[in-house]
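The values are calculated or read from the model by the stated rules, or taken from the named source; none is laboratory data. Keep in mind that this is a model prediction, so the values were computed, not measured. Neighbour counts run over all protein chains shown; Cβ positions are idealised from the backbone, glycine included.
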Amino acid sequence: MYDLLILGAGPAGLGAAIYGVRAGMALAVIDRSPVSGGQVLTTYEVDNYLGFSKISGSDIAEKFREHAEALGVPFITADVSGVTLEGDTKVVHTDAGRYEARTLILATGAAHAMLGVEGEQRLAGMGVSYCATCDGAFFRKRTVAVVGGGDVAVEDAIFLAGICRKVYLIHRRDALRAAASLQDRLSAHENVEIIWNSEVTEISGEDMVERISLYNKERKEESTLEVNGIFIAVGINPNTQRFQGLVEMDDHGYILADESCATSAAGIFAAGDIRKKPMRQIITAVADGANAVNAAQKLL
C-alpha cells in the first residue's frame, strides 16, 4: 500500500514525485515508457523554463528524471489499463499487476492531434510544432504556417504575427470557427494571409522544414508553400480514456479539478495537461504536480 501513486512521468508527474519524496511519502511513479518526459521529448528546444536557456526537450527531460532518481523516487514501467476504488483504496490495474494507494495523482498528459501527413513525424521538433507559445520565438522574422481554424489556431497566428515576417493560416473550410473578437484581431495584422479550403498533404525538408504541399478542395489544385516552420493547431486529446467514470470531465475529456488539483473523487488529483485549465506549459505542469502533492499530504 503506497501513500501516493503517480500515473505519468512527464513534468507534472516528476514534479509531483520530487515534492512527494521530499515530504517523506511512500510513493511510486508508473509510466508505460522507461524514458520520462512526455511531450517534452518531442520539443526541439526549450527556452521558456526558468533556469534553462536553449536546452533541448530531451535534455531537460533527462535532467528532470535524474533529479527524481537522485532523490530516490521509485519508477514502475507498466501500462495502466484502469483505476478502480475499493473503499478509500485506489487500485491501479496494469499489465504488470495491480498497485494500491491511499491517494492518486493522474498525470498522463495529452497528445496533440496530428495531421497524419508525410513528413510530420520525421520533422517533429525540426520545424513542425504544436505549440506556438513554446516554439514561436525560434522563428522570429521568418515565414511560418499555422494549420487550423479554431480559437487556438487564430490565437497562434496572432501571436506569431507579432514576431514572424509572414504567417500563413491554412484552413480546410471557407470560414473560421474562431470567436469573432479573435478574427477581428487577426485581420489587423497585415503579415497574415489566410489560405482557404486547403489541406496540408505533405511537409518537406532535409533537416528542417522547408516547404509544405497543399491541396485546394474547391479548385482541386495542388501547390507548394515555402515556409521555415509549421504550427499544427487542430486539437488536443487528453489521455483520460482510462479514467472515464472515475472522475468528472468536460465534454472534451479534460479532468475537472480545482487549483489544488483535487478532482470529484476524494483522494484523486489531476496534474498537468489532462487538467482543464487555460495554459498548458512545462512550468504550469510542474506547478500542478507540487500543488497536487500538497493537497494529498493534507488529506493524508
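Of all residues in the stretch 263-280, those satisfying the criterion of being touching a residue at least 24 places away in the same chain (Cβ under 8 Å), under 20 Å from the mean Cα position of the chain (by Cα) and surrounded by 17 or more Cβ atoms within 10 Å (Cβ to Cβ) are T263, F269, A270, A271, G272, D273, I274, R280. Only one of the numbered conditions (1) charged (D, E, K, R); (2) buried (at least 23 other Cβ atoms within 10 Å of the Cβ); (3) modelled with pLDDT under 95 is not met by D31, and that is (3). Within the stretch 164-174, identify whether any single residue is touching a residue at least 60 places away in the same chain (Cβ under 8 Å), in a loop (DSSP other than H, G, I, E, B), closer than 18 Å to V128 by Cα and not hydrophobic (A, V, I, L, M, F, W, C), and answer yes or no. Checked the stretch 164-174: no residue is touching a residue at least 60 places away in the same chain (Cβ under 8 Å), in a loop (DSSP other than H, G, I, E, B), closer than 18 Å to V128 by Cα and not hydrophobic (A, V, I, L, M, F, W, C).
Residue by residue, here is whether (1) in contact with a Phe, Trp or Tyr (Cβ under 9 Å, 6 or more places away or on another chain); (2) touching a residue at least 24 places away in the same chain (Cβ under 8 Å); (3) surrounded by 16 or more Cβ atoms within 10 Å (Cβ to Cβ); (4) on the phi < 0 side of the Ramachandran plot holds:
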position	(1), (2), (3), (4)
S198	yes, yes, yes, yes
I203	no, yes, yes, yes
L214	no, yes, yes, yes
K220	no, no, no, no
L225	yes, yes, yes, yes
A233	yes, yes, yes, yes
P238	yes, yes, yes, yes
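Counting only residues that are aliphatic (A, V, I, L, M) and exposed (fewer than 14 other Cβ atoms within 10 Å of the Cβ), which one in the stretch 160-196 is nearest to Q121 (Cα to Cα)?
Among those that are aliphatic (A, V, I, L, M) and exposed (fewer than 14 other Cβ atoms within 10 Å of the Cβ), it is A175.
Annotation note: of R177, R142, the sole residue that is among the charged types (D, E, K, R), under 26 Å from the mean Cα position of the chain (by Cα) and at pLDDT 95 or above is R142.
Among the residues of the stretch 209-237, those that are part of a strand (DSSP E or B) and modelled with pLDDT under 95 comprise I236, N237. Filtered by the rule that a residue be over 12 Å from V35 (Cα atoms) and in contact with a strand residue (DSSP E or B) (Cβ under 7 Å, 6 or more places away or on another chain), the stretch 61-77 gives V73, P74. For the stretch 3-54, filtered to residues that are hydrophobic (A, V, I, L, M, F, W, C), part of a strand (DSSP E or B) and under 18 Å from the mean Cα position of the chain (by Cα), the residue that is nearest to A68 (Cα to Cα) is I6.
Look through the stretch 169-223, keep the residues that are charged (D, E, K, R) and in contact with a Leu (Cβ under 8 Å, 6 or more places away or on another chain), and return whichever of them is farthest from G119 (Cα to Cα). First the steps, then the outcome.
Within the stretch 169-223, the subset charged (D, E, K, R) is 172-174, 177, 184-185, 190, 193, 199, 202, 206-207, 210-211, 217-222.
Restricting the remaining residues to those that are in contact with a Leu (Cβ under 8 Å, 6 or more places away or on another chain) gives 193, 199, 211, 222.
Numbers: E193: 23, E199: 14, R211: 10, E222: 17 Å.
If we take residues in the stretch 169-223 being charged (D, E, K, R) and in contact with a Leu (Cβ under 8 Å, 6 or more places away or on another chain), then E193 is farthest from G119 (Cα to Cα).
Screening F64 against (1) among the aromatic types (F, W, Y); (2) within 18 Å of the chain's Cα centre (by Cα); (3) not in a helix (DSSP H, G or I) leaves a single unmet condition, (3).
So is G10 surrounded by 20 or more Cβ atoms within 10 Å (Cβ to Cβ), in contact with a Ser or Thr (Cβ under 8 Å, 6 or more places away or on another chain), in contact (Cβ under 8 Å) with a residue 24 or more places away in the chain and not charged (D, E, K, R) or not? Against the criterion (surrounded by 20 or more Cβ atoms within 10 Å (Cβ to Cβ), in contact with a Ser or Thr (Cβ under 8 Å, 6 or more places away or on another chain), in contact (Cβ under 8 Å) with a residue 24 or more places away in the chain and not charged (D, E, K, R)), G10 qualifies.
The single condition among (1) over 20 Å from the mean Cα position of the chain (by Cα); (2) of a type in the set (D, E, K, R); (3) surrounded by fewer than 14 Cβ atoms within 10 Å (Cβ to Cβ) that D79 does not meet is (1). In this structure, does K54 turn out to be of a type outside the set (F, W, Y), surrounded by fewer than 18 Cβ atoms within 10 Å (Cβ to Cβ) and in the same structural domain as A26 (by TED's automatic domain parsing)? Criteria met by K54.
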